[in-house]
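In what follows, a structure is listed as structure tokens, so that the remarks can point back to it.
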Amino acid sequence: SRSDDFTVAMETVTAWAWGPLSFLTFLAFLRHHPTRYVLQLLVSLGQLYGDVLYFATEAQAGWSHSDPRPLYFWGYFVGLNGVWVLVPGALLADACRHLAAAQRALDRPRHKAH
């Protein structure tokens, strides 16, 4: 079915792109590499995009793959999957904050020493 094709395609991107990129981001932070916040931004944005597609696909299917019992739906489906929205959202905001601070520092006028 189309839904299965979508899941396979999405998980292939996750395994082959976001997984290794997440590992590179981890290494960049360990080494204080200058690209660490750019990588954090990319990985977080990719994760959020996948989450939006996941929830949107399920919503379009009428939540047919989710158990309708309230505890399961809100606790498991929304709650536990929501962590994958909240954490990347916080990391995305953090990366933007650091990158904006770096840009502000670069944009400051420099005074020549006499």
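The values are calculated or read from the model by the stated rules, or taken from the named source; none is laboratory data. Values in this document were obtained by computation on a predicted structure and should not be read as measured data. All Cβ positions, glycine included, derive from the backbone under ideal geometry; neighbour counts span all protein chains shown. Please note that ligands, DNA and RNA were not included when accessible areas were found on the heavy atoms of the full protein model with its side chains. Shrake-Rupley method; radii C 1.70, N 1.55, O 1.52, S 1.80 Å.
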The chain: relative contact order as a whole-number percent, Cα under 8 Å and 6+ apart: 30 percent
So, with +1 on the Cβ of K and R and -1 on the Cβ of D and E, and no other charges, what is the size of the charge dipole of the chain about its Cα centre, to the nearest 20 debye? 920 debye
Of the options G82, A100, V43, report the single residue whose Cα projects farthest towards the positive end of the charge dipole of the chain (beta-carbon charges: Lys, Arg +1; Asp, Glu -1). A100
Could you please put Y37, Y72 in sequence from largest to smallest accessible area, using a 1.4 Å probe? Y72, Y37
How big is region 40-113 along each principal axis, measuring the range of its Cα positions in Å and listing the largest first? 69, 21, 13
Just subtract the alpha-carbon distance of Y49 and R108 from 0.36 nm times their residue separation and send over the number in nm, one decimal. 17.9 nm
Whole-percent carbon and sulfur share, accessible surface of the chain, 1.4 Å: 68 percent
